[in-house]
1. Looking at the structure I just gave you, is Arg106 open to solvent by 40 Å² or more (accessible area, probe 1.4 Å) and at pLDDT 95 or above?
2. Can you find a residue that is in the same structural domain as Gly308 (by the TED database), aliphatic (A, V, I, L, M) and free of Cβ contacts under 8 Å to residues at least 24 places away in the same chain anywhere in the range 136-153?
3. Scan the range 351-361 for residues that are over 13 Å from Arg9 (Cα atoms), open to solvent by less than 60 Å² (accessible area, probe 1.4 Å) and of a type outside the set (Gly, Ala, Ser) and report the count.
4. Can you tell me how many residues in the range 374-395 are under 22 Å from Pro446 (Cβ atoms) and open to solvent by less than 50 Å² (accessible area, probe 1.4 Å)?
5. Just checking, how many residues over the range 137-166 are within 31 Å of the chain's Cα centre (by Cα), modelled with pLDDT of 95 or more and assigned to a strand (DSSP E or B)?
6. From Thr254, Thr192, which residue is modelled with pLDDT of 95 or more and open to solvent by less than 40 Å² (accessible area, probe 1.4 Å)?
7. Pick from Arg39, Arg6, Arg66, Arg14: which is at pLDDT 90 or above and more than 19 Å from the chain's Cα centre (by Cα)?
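The values are calculated or read from the model by the stated rules, or taken from the named source; none is laboratory data. Being a predicted model, the structure only gives us computed values, none of them experimental. So basically every Cβ, Gly included, is an ideal-geometry build from the backbone, and we count neighbours across all protein chains shown. Surface areas here come from the heavy atoms of the whole protein model, side chains and all, with no ligands, DNA or RNA. Shrake-Rupley method; radii C 1.70, N 1.55, O 1.52, S 1.80 Å.
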Amino acid sequence: PGAARRAGRLLLSRLFQPLNLQAGGEAGWDGGPGEPTCRSQRLMLQGGLIHPAGPGCYHYLPPTVRAMEKLVRVMDEEMQAVGGQKLNMPILSSAELWRASGRWDRMGPELFRLADRHGRGYCLGPTHEEAVTELVAAQSNLSYKQLPLRLYQVTRKFRDEPKPRFGLLRSREFYMKDMYSFDASEEAARQTYDLVCDAYRSLFNRLGLPFVKVRAATGSIGGTMSHEFQLPADIGEDRLVVCPDGHFAANVETLNGEQTSCPTCGEKLTQTRGIEVGHTFYLGTKYSSVSNAVFYSPENKPRLAEMGCYGLGVTRILAASIEVLSTEDSIRWPSLIAPYQLCFIPPKRGSKEEEEGAALLERVYDDLAEALPRLSGDLVLDDRTQLTIGKRLKDANKLGYPYVVIAGKRVCEDPPVFEVWNQNAGEVLFLTKEGVIELLSKVQVP
């Protein structure tokens, strides 16, 4: 079992995460010199989390994919809690569908358009209202008893951004969770709307992200009511006004004229900037009337379904959370979705603790993986023992592991004592192996 266990340990030197943790010059990370960068973009490039592939397109490296998969699991939990059913629609969407809804022309150059070998037109879907409505319309005898339908997917989306910038915050290819609801009445559709907004609140609260829900414009999606979920951040592209007592919040673009005081309490509104991470729309019958998406009422009469749509930017939430939680030079993740929860740092090669310390630390690794199997894939051993403990701790700090366990000077005591850094709480603990296991038993992973 010893060899099998060793084979199962994740060694940092084997991870495909090219570390550029030197403080390198600002230019050259991405795009040309002098292009504006932001904290999340710089930290993700330096930490080997993303690698540029072309304007607004990135390779997501393995740690980023792990964080993304965890985030999607949290989204799945929240969406399924409100009756969401997950499906997957084609990225290629026919021009006919988009022409019928009027968006083929209205979306302008943001749509990536292409033709197949037979000359038929398509776009790469930035969003899927037309496609999902067509799918539901094809169910020819849908009954009111089958409603509400809440269908969602997590897929790559495409937008031909004129000026992609800020890494994953504004890219041309990105991941989005998009949900579409079909209800039997306006009242029911508005209940669904509130339900999904509450699920979004729950998601951001679980991630520990400071968000604000603001009234928003409906833009090219349409409909009669819309809200954005924004993370306040200086780099944000949206200008928001917020009541200090929380009665009112809006995207500036929705205000007529210069509204400066809260309509509820009269307090002066404060201005802030935000990164949009979620958007909800009440659509009514805008799309169902085009595709004739009907259900049969209790009187067996065909009625148009009332719709809503709801988006969460998956890759944008990853970047925005790094943007708002991190320090200038160290990544901080929402602990629930950190790529790895724990980094083990054995003694430096040639130190007097080397032999005993390395063996003891590996035993903690193995015992922890056995005691808490849900964390077994979340442990990394920094085997670069040619580097000092201090240098490896600095790297671990920059990469944002929530916990770091070090075999330092006290590892040769009886019983052995390990140095444990709890990064998010900013504290250092000295614990025995049992203490380490107990501390980590409280850690949640999706």
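1. On the way: open to solvent by 40 Å² or more (accessible area, probe 1.4 Å): yes; at pLDDT 95 or above: no.
Taking the combined requirement at face value, the residue does not satisfy it.
2. Initially, the range 136-153 is screened for residues in the same structural domain as Gly308 (by the TED database), giving 136-153.
Subset that is aliphatic (A, V, I, L, M): 136-138, 142, 147, 149, 151.
If we keep only those that are free of Cβ contacts under 8 Å to residues at least 24 places away in the same chain too, we end up with 138.
Taking every residue of the range 136-153 in turn, at least one turns out to be in the same structural domain as Gly308 (by the TED database), aliphatic (A, V, I, L, M) and free of Cβ contacts under 8 Å to residues at least 24 places away in the same chain.
3. Residues meeting the conditions: 2.
4. Step one: filter the range 374-395 for residues under 22 Å from Pro446 (Cβ atoms), giving 374-380.
If we keep only those that are open to solvent by less than 50 Å² (accessible area, probe 1.4 Å) as well, we get 375, 377-380.
Of the residues in the range 374-395, 5 are under 22 Å from Pro446 (Cβ atoms) and open to solvent by less than 50 Å² (accessible area, probe 1.4 Å).
5. The total comes to 10.
6. Working: Thr254 fails: modelled with pLDDT of 95 or more.
Of Thr254, Thr192, the one residue that is modelled with pLDDT of 95 or more and open to solvent by less than 40 Å² (accessible area, probe 1.4 Å) is Thr192.
7. Numbers: Arg39 fails: more than 19 Å from the chain's Cα centre (by Cα); Arg6 fails: at pLDDT 90 or above; Arg66 fails: more than 19 Å from the chain's Cα centre (by Cα).
Unique residue meeting the criteria: Arg14.
Yes or no, residue by residue, for (1) basic (Lys, Arg); (2) surrounded by fewer than 23 Cβ atoms within 10 Å (Cβ to Cβ):
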site: Ser330; (1), (2): no, yes
site: Arg349; (1), (2): yes, yes
site: Arg363; (1), (2): yes, yes
site: Val405; (1), (2): no, no
site: Asn422; (1), (2): no, yes
site: Gln444; (1), (2): no, yes
